[in-house]
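All remarks here apply to the structure that follows.
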Amino acid sequence: MTAMRVIYAWVIDLRTDEAYYWTWSKENVLSFLDHPPMIAWFIRFGTAIFGDINFGVRFAGILAMLVTQLLLADIVRRVTHDVRAIVLAVLMPEAALYYGLLMAKVSPDVAMIPFAVAMLWALVRLAESGNACWWLAAGLFAGLALLSKFTAFMLVPAVLAFMLVPDWRRRWLTSVWPWLAALIAVAVFLPALIWNGEHDWASFRFQSVRAIAVHEFSLRTVGEFLGLQFGLVGFVMLPVVLSGAGWMAWRGYRRREPVAILLSTSVLAPFGYFFWKSMTLRIGDTWPMFLWPAGFAGAAINTTMLAREKGSAWTVRSTITWANIAVVTGIAFVVLVFLYYTVMPWNLIGRIDPIGAEAGYQEVAEGAEAELHKIGATWIATTDYRTYAMMRWYFNGRVPVIQINERGRFMGFRDPGMDRIRGHAGIYVARLPDSDNPIWLATTAVREPLGRVERVWRGRVMDTYSLQKVTGWTPELSPPPDSPLFRWRVLAGEFEPPSQGKLFSFAG
């Protein structure tokens, strides 16, 4: 399965979000508007070894999956000492599409998952040994998880329940160790805090919109959330994992077992929050992905503990049978998806295909490069971060690429080559029908149509892009915060709608 992910990472075109994070890896800043910096560090690590190729960008995701599996195996080993449960804990993520295949594609979630699981592992070691020093390791991994993605904060209820519900609560309430762990986590998280302090807490304001926004109740967004989780975790695996978390919660809170409380709450508390928010908000595809590894460990542990606790024979048999079915059918599904995208030549889903919807940008880059040479232009302009990221990926420094708006996304970024831009014509690359973005009215630029280029995947036109000549204006890299060229797209009460083909996307 690892070899399969390696092949997938080599041959599948980079997605727009991956290219966007790759652009971060080329900058020397402490943090970024959208997310903390860990994903940029992951990508820089991979490209330092393999260069700016698909596999280099995705290499750290391959390692993240293996580290996650090893940690899950050790958690289950320490709790059950049962080889079958350990094997099940390793195979369960392989049988979930997101982990078994799509962790080969980097995102902040991929960076966060191994650190979140490592924090749980450290707390399991604490419960096993009673050695308070494991609090310090947990604090380190918690800080690294937060430095990967802010949603790691949603594991705090599980840690608090682990500390306060069992009979040892008085020991930890009066102990300095948990507070030292919290200090370590904050210290590790300092790069993001310092950057935000210098930029008016931009990341927290950017992300808090989703958390506090109020919208009307919608069954559609609930259905999307549950449908995506069934697809990414598994149509059989998801019920198995949720039922395992339920059993663990029943056992843990009834008997005050620290590990059972920790693992079950790590799943049920965030899942409950996301389900509640899905009633009024579209939940991102990968937002809940950090919680399911704890569910895999809990489900594997549950298959052993039910038998040891002399549960009913039917319950024990049913639990083991459905876990086995989930693994077998899940791995088969993951392999089929892998074969569809790497071997089969057909486009069976049309324009909503999650991979095809973001493939074929090389044709757009080649069309833009041809026009650059034809008219003597020296730079490329875009008005959305996806096109910006893909143009930067394909040109890779040969031509300056500027997203002229949403400059708040690029605070602290280096000069892309203004000496090659100032006084020269550029080419505006934009997906139709967004080519007439009203943001141009805030500039003195003169635009002239040049032509169009199609983005094609497996014989199907996925999108059409307009190419326009731009003269009479030089982009402003650092406009004032009140400028329409500075503001990022997601503002209070305003959400970026999914672009065409993104409804069933696996992007973050």
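Some points to look at:
- Neighbour-count ranking [beta-carbon atoms within 10 angstrom, fewest first] of Arg420, Arg282: Arg420, Arg282
- Net +/- balance of residues flanking Gly426 in space, Cβ distance below 15 Å, scoring K and R +1, D and E -1: +2
- Couplings 3J(HN,Hα) for segment 40-46, derived from phi with the Karplus relation 6.51 cos²θ - 1.76 cosθ + 1.60 (θ = phi - 60°), are 5, 5, 4, 5, 4, 4, x Hz, where x marks Gly and Pro.
- Label-to-label distance, nm, for residues given as Glu454 and Ile49 (7 Å Cα→Cβ offset): 4.0
- Cα-centre dipole for the chain with unit charges at Cβ (Lys and Arg positive, Asp and Glu negative), debye to 20: 1280
- Environment charge at Thr265 (Cβ cut-off 15 Å; Lys +1, Arg +1, Asp -1, Glu -1): +4
- Gyration tensor verdict on segment 356-471 (Cα atoms; rounded if a/c is under 1.5, prolate if a/b is larger than b/c, oblate otherwise): rounded
- Highest average packing first - 167-173, 462-468, Cβ atoms within 10 Å: 462-468, 167-173
- Within the same chain, lysines fewer than 8 places from Lys26 are excluded, and of the rest, those with a Cα less than 20 Å from its Cα are Lys105, Lys149.
- 12 Å beta-carbon shell around Gly367, net charge (K/R +1, D/E -1): -2
- Segment 72-189 shape via C-alpha gyration tensor axes, a/c threshold 1.5: oblate
- Amide H contacts for Trp379 (H built 1.01 Å from N in the peptide plane; partners 5 or more residues away or on another chain; cut-off under 5 Å): Ile427.
- The slack between Ile349 and Leu160, meaning 0.36 nm per residue of separation minus the straight C-alpha distance, is 63.6 nm.
- Per-residue 3J(HN,Hα) values for segment 184-194, derived from phi via the Karplus relation 6.51 cos²θ - 1.76 cosθ + 1.60 with θ = phi - 60°, read 4, 4, 5, 4, 5, 7, 4, x, 5, 5, 5 Hz in sequence order (x marks Gly and Pro).
- Sorted peptide list for 402-409, 152-159, criterion being average Cβ within 10 angstrom, highest first: 402-409, 152-159
- The distance between label points at Leu66 and Thr342 comes to 1.6 nm (points 7 Å beyond Cα on the Cα→Cβ vector).
- Footprinting exposure proxy ranking of Leu72, Leu348, Leu63, fewest other C-beta atoms within 10 angstrom first, gives Leu348, Leu63, Leu72.
- Between Pro433, Tyr465, Met418, the Cα set farthest toward the positive side of the dipole of segment 356-471 (charges on each charged residue's Cβ, about the Cα centre) is that of Met418.
- Cα→Cβ-extended label distance, 7 Å offset, between Asp415 and Arg254, nm: 6.9
- Report summary: the helix-based calculation at 222 nm, which adds -39500 (n - 2.57) for every DSSP H run with n ≥ 4 and divides by the residues of the chain, gives -18000 deg cm²/dmol.
- Under 5 Å from the amide H of Trp457 lie the amide H atoms of Met462, each residue being 5 or more positions distant or on a separate chain, with H modelled from the backbone and absent for Pro and chain starts.
- Beta bridges by DSSP in segment 356-471, antiparallel share as percent, to the nearest 5: 75
- Taking the number of Cβ atoms within 10 Å of each Cβ as an exposure proxy, the fewest-first ranking of Asp74, Asp109 is Asp74, Asp109.
- In order through segment 357-366: 3J(HN,Hα) via Karplus (6.51 cos²θ - 1.76 cosθ + 1.60), integer Hz, x for Gly, Pro: 5, 10, 9, x, 5, 4, 4, 5, 5, 5
- When peptides 89-102, 122-135 are sorted by average Cβ neighbour count within 10 Å, with the highest value leading, the order is 89-102, 122-135.
- Annotation: the antiparallel percentage among DSSP beta bridges lying fully within the chain is about 75.
Here, each number is a calculation from the coordinates, and none is a lab measurement. Given the structure is predicted, the values throughout are model-derived calculations rather than measurements. Heads up, the Cβs are rebuilt from the backbone with ideal geometry, glycines too, and the neighbour counts pull from every protein chain shown.
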